[in-house]
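Just below is one structure, and these are the notes that go with it.
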Amino acid sequence: MKRIFILIFLLTALVSLTSSAQTFTVRGKVKSAEGTAIGNASVFLAKTNYKVSCDSAGNYLLQNITPGTYKLQISAVGYKQVSRELNITNNLIVNITAEEDIQQLNDVNIKADKEKTFGITRLKAVEGTTINAGKKSEVVVMNDIVANKASNNTRQIYSKVAGLNIWESDDAGIQLGIGGRGLNPNRITNFNTRQNGYDIAADALGYPESYYTPPAELVDRIEILRGASSLQYGTQFGGLVNFKLNDGPTDKPFEFTSRETVGSWGFLNETNSIGGTDGKVQYYAFYQHKSGDGWRPNSNFNVNTGYTSITYNATDKFSIDFQYTHMDYLAHQPGGLTDAEFAADPRQSIRSRNWFKVDWNLGAVVLNYKINDNLKFNSRFFGLLADRDATGDLVDLISRPDLGGDRDLFKDKYTNYGNESRLLYTYKINETPQNLLVGFRYYRGLTNRQQGLGNDGSTGNSSDFNYGNSPADVNAYSNYEFPNYNLALFAENIFRLSSKFSIIPGIRFENIVTKANGSYRTVNTDGAGNVIFDQLISDVKNSDRHFVIGGLGLSYYQSEAMQFYGNISQNYRAINFSDLYSVVKTTVVDPNLKDETGYSADLGMRGNISSVFNYDVSVFDIYYNNRIGTYLSSDANDNAFQYRTNIGASQNIGLETFAELELLHFMHIDTKNTSLSVFTNLALINARYVHTLNSAFDNKKVELAPDVIFKTGLSYKYKKFAASYQVAYTSSQFSDATNAVFTPDAVDGIVPAYTVMDLSASYKLSRIFTLEGSVNNLANAKYFTRRADSYPGPGIIPADGRGYFLTLQVKL
């Protein structure tokens, strides 16, 4: 019997050895429907330990597989899971094509591995119904950055976006002021600014300033396209900034999040949101209240922001989304300072009667329809109803004291609506996928702008925004309506000549109509304030133009680690009513202003090496003809004034670099729960006037274009703890085309170089509670980023000193 058991044991062992000797491999490549390799895709045999990740070229290899029947599964972030039944009796080559998994075909819907973005990533070649191939893009992933989101700290949020010049004008990030590549940062006017793919500016065509900025706590990610994005999003030189807002979670019917923040100078921020998915309905609602006293006297503010979104997914191919945003705020404005006053005490305020009020209502209906696997349709209907009022001593030079009396009162009302629709078609040439995008845009804007004096009660410090009725107040010095209309057709196509190389031509037709219809009064008074001259002057203007602009992009995808991109695109900026008419008494506008034209070009290389090293290096060229600017002039009586006119042609040439390195990878430390990364962000800009109407401006530096913008920092994560530290340097810049170093009124002059440091940290106390803290301007630097000719000045606008903030988050 014992021998029988030994024989059975030997036979079993022999069978096992034979079986183990007969092992096989499964290899192949994972790619998208467009033929692009999908790096880091997970490939495994279900219910086994056979599992690998694809390399950057999409290749995978499973080894030592015993014979049998298995289920091969492939999963990648942003793609539908793929399953294949395999009968493995020999070595196999199995190539897989994965289809994008986009639940809602939003304009720029990113699916990214949030654990490995370090807070920054890029747009794919095709996203929903947009084409991004051949363009420089950056995506700030808000959940992956450690920053002061409660105060919308722009330096921290955009720290890894190269070449941004930032204006800091208020204590709580109420308004965003960023400009790229030497373009004016004023209220982000040189970018096409959108929320969930639709316009949020006051008047996208006639007055593209944005008084509303989505709160950072409401934003899921910020997508930025540079230069040649004009073919899809408009004609502007700067590109696109799109705020993709939070959605309700798809895996639970209800989620509640509350964030309570306190900080320096009486800062209080209360944010609450709910969201979830119930059947075919996905919903999200957000409310934020923010208030504080401000770093300087006369800087108190009160802000309320609400947002709601309800999405009905009628089928797996069709959805409709209803969105509404409301924001209102009242802000006390401390005004500007002269150079001497700033040097003596940058925290002082010599204006106590200036106030600013905004009421913003933005609505949208978004339709998404996947007609078939090769045809996607997106349509956005949007509208804006908003008011902006400012009162105070706003137009007198800051060098003149405010002696009381009636205050200036400026009132704007914006009523706009439009539609933008896109159709993305995927087709094949010689079995290679191609993408064609065609689109249509209609926009109608109407702005009513009034300027006058406040009522008799406005001589005090209250926030009174009513016009006076006395003869001296003359109701309103001016009352204008600015209607404008825009019809645009655009198209882009990705021609893939091979699996690596693509050519992307594009074209856009524009019809723009801008009008002005109104009147203004000329009023003179004697020494006692009596009206001695009062004349009403009517003013009517009408401009209708249509044109075609084009562009061409190139893309070479060597691998995930090395990609090349390049593009050139024509640009066009129509003069808006802010250019045609100035409320500032010391500014005179050239009545013969012309539209601005030119082009933008990029050439760059970027890549991501195994989520350890992320980089983007590019050069750019912006040629800006008929550029509108200001310079100091004087009349026959030697009265000084700012003259706004077409200075001439300027050219901005520069280098932008970004690099981030995961340091622990080289120390052989497990990075699953721990990471330590360092980043650098450098922009070198040479922006000068090259052809001008007045030779005095030849080779002068373009205003608001610093030569160097440099940022660097560290990010550290260990289990539930995360921290970030950064240093930001901006070199000196001029504020006008004459390159004046100093003027007595402080409206023009040099903006000196400055360096600012920030430190932020967060700790997840439990599944429910998270604690966050931030120190803004860690070294308490005394600096300023802008000189203003009117609101919120005139004069130097000091940036805030060191501030401390603490946030408690509760998520249920």
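The values are calculated or read from the model by the stated rules, or taken from the named source; none is laboratory data. As the structure is a computational prediction, the values presented were derived from the model and not from experiment. Note that we place each Cβ from the backbone using ideal geometry, even for glycine, and neighbour counts take in every protein chain shown. Ligands, DNA and RNA are stripped out before the accessible areas are found, and what is left, the full protein with its side chains, is counted by its heavy atoms. Shrake-Rupley method; radii C 1.70, N 1.55, O 1.52, S 1.80 Å.
Worth a mention:
- Our summary gives the stretch 536-637 a relative contact order of 23 percent, counting only alpha carbon pairs under 8 angstrom and 6 or more residues apart.
- Annotation for LEU778 and SER519: the two label points, set 7 Å from Cα along the Cα-Cβ direction, are 6.1 nm apart.
- FRET efficiency, 1/(1 + (r/R0)^6) with R0 35 Å, evaluated for LEU497 and SER421 via beta carbons: 0.75
- Note on SER352: accessible area approximately 40 square angstrom, rounded to 10, probe 1.4 Å, nucleic acids and ligands left out.
- A straight line joining the Cα centroids of the stretch 230-279 and the stretch 37-99 runs 37 Å.
- Net lengthening on full extension, LYS357/THR315 (0.36 nm per residue, minus Cα-Cα): 10.8 nm
- Degrees between helix 2-21 axis and first principal axis of the chain (Cα, 0 to 90, nearest 10): 40 degrees
- Packing order of peptides 540-547, 493-500, highest average first: 493-500, 540-547 (average count of other Cβ atoms within 10 Å over each peptide's residues).
- Environment charge at PHE697 (Cβ cut-off 15 Å; Lys +1, Arg +1, Asp -1, Glu -1): 0
- Here the label points at SER75 and LEU375, each 7 Å from Cα along the C-beta direction, are separated by 3.4 nm in the simple model.
- Within straight-line cross-link reach of LYS594, aspartates and glutamates at Cα separation under 16 Å, skipping those fewer than 8 residues along the same chain: ASP544, ASP579
- Relative contact order for the chain, counting Cα pairs under 8 Å that sit 6 or more residues apart, in percent: 10 percent
- Given 13 as the ceiling on other Cβ atoms within 10 Å, longest exposed-site-free region of the chain for GluC sites (Glu not before Pro) in DSSP loops: 432-812
- When only Cα pairs below 8 angstrom with a gap of at least 6 residues are kept, the stretch 696-812 shows a relative contact order of 21 percent.
- If both residues of a DSSP beta bridge must be in the chain, then about 95% of such bridges are antiparallel.
- Value in Å of the Kirkwood radius, where the stretch 391-464 supplies the Cα pairs that are averaged: 17.4 Å
- Computed lengthening from PHE666 to THR89, 0.36 nm per intervening residue step minus Cα-Cα distance: 203.7 nm
- Of the solvent-accessible surface of the chain, computed with a 1.4 Å probe over protein heavy atoms with every protein chain present, carbon and sulfur atoms account for 56 percent.
- Trypsin sites (Lys or Arg not before Pro) lying in DSSP loop within the stretch 185-286, provided at most 12 other Cβ fall within 10 Å: LYS280
- Heavy-atom accessible area order for LEU397, LEU245, largest first, 1.4 Å probe: LEU397, LEU245
- Note that the chain shows a convex hull volume over its alpha carbon atoms of 172 Å³ per residue.
- Think of a 1.4 Å ball rolled over the protein heavy atoms: the chain then has 41 Å² of accessible area per residue.
- Exposure rank, largest accessible area first [ASP638, ASP339; 1.4 Å]: ASP638, ASP339
- Value at 222 nm in deg cm²/dmol, rounded to 500, when DSSP H runs of n ≥ 4 in the chain each add -39,500 (n - 2.57): -1000 deg cm²/dmol
- Along its principal axes, the stretch 575-667 has C-alpha extents of 72, 25, 21 angstrom, given from the largest down.
- Largest-first ordering by accessible area, 1.4 Å probe, given options LEU714, LEU446: LEU714, LEU446
- To the nearest 10, the accessible area of HIS665 is 100 Å² with a 1.4 Å probe.
- When each of LYS51/LYS376; LYS244/LYS719; LYS71/LYS672; LYS149/LYS719; LYS124/LYS160; LYS29/LYS80 is checked by Cα-Cα distance, pairs over 25 Å: LYS51/LYS376; LYS244/LYS719; LYS71/LYS672
- Available extension along the chain between PHE256 and ARG27 is 77.9 nm, counting 0.36 nm per residue and deducting the alpha carbon span.
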